Amino acid sequence: MGSDPALPALQPREAVLRMAPYSPPTGGRADKLRLDFNENTIGCSPKVVAYLKDALEANLFAVYPEYGETRAALAKFFAVDEPQIVLTNGTDEAIQVLVNTFVDDEDEVLVLHPSYAMYRFYSEVAGAHVKELSYRAGTLAFPLEELLAAITPATRAVLIANPNNPTGTGVGLPAIERILQAAPHCAVLIDEAYFEFSKVTALPLVAKYPNLFVSRTFSKVFGMAAMRIGVILTQAQNAAMMRKCQSPYSVNLLGAIAVRAAIQDTEFVESYVGEVLAAREMACAGLAKLGIRTYPSEANFILFEAGDRSISIRDALRARGVLVRDRSYEIAGCVRVTIGTRAQIERFLKELEQLW
Ligand SMILES: Cc1ncc(COP(=O)(O)O)c(C=O)c1O
């Protein structure tokens with residue numbers, strides 16, 4: 001049915017009209033080697049699948065989820081008190097709830113560029129002004145001094161990925177402490193989606209800094225992106241305020257119970273991290289052999305320079321069944337490849353070699 005031309009179209013909010021649409025290429029990936037979204041490339045722990053199969057029964061789906069057991073298990077896993085945890089529908093909801101709790105319409109949010117797109121996205125949806133600082137040209141290093149200088153009384157949130165996506169570069173704890181001290185009036189998010197690869201965490205600082213929020217996700221190393229589960233870890237008074245702003249059932253039951261099995265299989269995570277780190281070295285060496293520059297990465301992906309061929313290389317790899325992400329729209333000439341197993345990287349390098 002078409003709309004009645006006599007009736008005016010409904011106007012969305014100004015903030016929504018101002019936003020650029022964001023639509024990551026998520027279709028048609030099933031039969032390809034997926035080195036494009038920084039996921040776990042072998043799937044989650046088989047113990048998670050077995051646990052779910054065993055737990056599934058019709059009644060489970062009929063009731064709204066309860067989170068008590070999951071929250072208790074996660075508190076133990078992250079070594080925090082239960083009231084310090086906010087369970088979220090992935091990091092994405094963590095960012096959304098943080099912004100909705102602490103940032104008002106017209107407030108300023110500081111983000112880095114290039115970085116994870118959802119920081120800008122949820123800030124803009126909230127009607128905030130986004131101030132953007134660039135990673136250092138040439139090295140893509142964290143711009144600490146520039147960030148410290150950019151914090152003003154108007155800044156309400158500082159959103160940082162550590163290590164950062166897509167640059168792969170990280171920032172150390174002394175620098176994070178300087179930011180926390182320079183921004184006592186801001187919600188400072190340290191998004192540790194790739195923590196297991198970098199092993200740098202701001203979590204021990206949570207007890208000291210009431211403005212610190214650490215997010216973790218089960219979408220990456222744990223291989224559960226489709227389950228949509230993550231957490232925010234912060235002081236209890238912040239967590240209580242965030243829960244106040246959150247839908248009571250935003251985390252679905254499958255994610256909430258699967259995560260309990262996932263955190264028990266630490267062997268799976270350790271072994272996958274070991275495999276990825278070995279494959280990352282292999283990728284850097286293989287790309288160097290082809291004369292391709294890479295940026296140092298602390299995560300399960302690397303950026304490499306393809307010059308003016310970034311889009312054509314991406315397309316040619318796709319035609320050969322290998323997916324990578326073009327990032328040339330934000331870092332000239334760069335392509336991002338997710339690191340999977342050594343066998344997968346071997347295939348990627350072999351295909352690339354034939355195109356290069
Ligand atoms: C820095 C960073 N944070 C968060 C996410 C998304 O996490 P989630 O699936 O938990 O929403 C990504 C995914 O690419 C990411 O790169």
Could you work out how far apart the two model spin labels at L205 and Y64 are, taking each label as a point 7 Å from the Cα in the direction of the beta carbon, and quote it in nm?
-> 3.7
Residues with amide H under 5 Å from that of A187, placed H, sequence gap 5 or more | A157, V158
Report the full-extension gain for the segment E82 to E353: residue separation times 0.36 nm, less the Cα-Cα distance, to one decimal in nm.
-> 92.5 nm
Determine, for each peptide in 339-345, 272-278, 12-18, the mean count of other beta carbons within 10 angstrom over its residues, then list the peptides with the highest first.
-> 339-345, 272-278, 12-18
Short version: what are the Cα gyration tensor semi-axes of the range 211-317, square root of 5 times each eigenvalue, largest first, in whole Å?
-> 36, 18, 15
Mind ranking 57-67, 215-225 by how tightly packed they are, going by the mean number of other C-beta atoms within 10 angstrom, highest first?
-> 215-225, 57-67
Each residue of the range 303-310 in turn: what ³J(HN,Hα) in whole Hz from Karplus with 6.51, -1.76, 1.60 and θ = phi - 60°, glycine and Pro shown as x?
-> 9, 10, 9, 10, x, 7, 9, 4
Once phi is turned into θ = phi - 60°, what whole-Hz ³J(HN,Hα) does the Karplus curve with 6.51, -1.76 and 1.60 give for every residue of the range 351-356, x standing for Gly and Pro?
-> 5, 5, 4, 6, 9, 6
Return the sequence-ordered ³J(HN,Hα) values of the range 71-86 in whole Hz as given by the Karplus equation 6.51 cos²θ - 1.76 cosθ + 1.60 applied to θ = phi - 60°, using x for Gly and Pro.
-> 4, 5, 5, 6, 4, 5, 4, 8, 6, 10, 7, 3, x, 8, 9, 10
Sites E57 and R342 - FRET efficiency at Förster radius 35 Å, r taken between beta-carbons, to 0.05 | 0.30
For L133, list long-range residues whose amide hydrogen, built 1.01 Å from N in the peptide plane, is under 5 Å from its own amide hydrogen.
-> V111, L112, H113
Using a 10 Å cut-off on Cβ atoms, rank the peptides 242-252, 30-40 from the highest mean neighbour count down.
-> 30-40, 242-252
Calculate for the chain the 222 nm mean residue ellipticity that helices alone would give, adding -39,500 (n - 2.57) per DSSP H run of length 4 or more and normalising by residue count, nearest 500 deg cm²/dmol.
-> -11500 deg cm²/dmol
Counting only DSSP loop positions in the range 79-128, the GluC sites (Glu not before Pro) whose Cβ has at most 15 other Cβ atoms within 10 Å are E106
Treat the range 52-262 as a sphere of radius equal to its Kirkwood radius over Cα pairs and apply Stokes-Einstein at 10 °C in a medium of 1.306 mPa s; give the translational diffusion coefficient in µm²/s, rounded to a whole number.
-> 91
In which sequence would I95, I302 go, from the one with the fewest C-beta neighbours within 10 Å to the one with the most?
-> I302, I95
Under 5 Å between amide H atoms, partner at least 5 residues away or on a different chain: which partners does V200 have, H built in plane at 1.01 Å?
-> none
What does the charge add up to near G291, with Lys and Arg as +1, Asp and Glu as -1, over the other residues with Cβ less than 15 Å from its Cβ?
-> +1
Provide, for q = 0.06, 0.08 Å⁻¹, the log10 of I(q)/I(0) from a solvent-free Debye sum over equal Cα point scatterers in the chain.
-> -0.23, -0.42
For V80, what charge total do you get from the other residues with a beta carbon under 12 Å from its beta carbon, if Lys and Arg give +1 and Asp and Glu give -1?
-> +1
Dipole in debye (nearest 20) - the chain, about Cα centre, beta carbon charges: Lys, Arg +1; Asp, Glu -1 | 660
13 Å tail of the calculated P(r), the range 279-321, as % of Cα pairs = 59
Across K131/K208; K199/K350; K220/K244; K32/K350; K53/K220, pairs whose alpha-carbon gap is larger than 25 Å | K131/K208; K199/K350; K220/K244
Just rank L74, L173, L189, L349, fewest to most, by other beta-carbon atoms within 10 angstrom.
-> L173, L349, L74, L189
Separation between Cα centres of the range 297-322 and the range 12-38, rounded to whole Å = 18
Which whole-number percentage describes the relative contact order of the range 204-352, with Cα contacts under 8 Å and a sequence gap of 6 or more?
-> 17
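Since every read-out is calculated from the coordinates, none of them should be taken as a lab result. Source: prediction; values computed, not measured. Note that each Cβ is placed from the backbone with ideal geometry, even for glycine, and that neighbours are counted across all protein chains shown.
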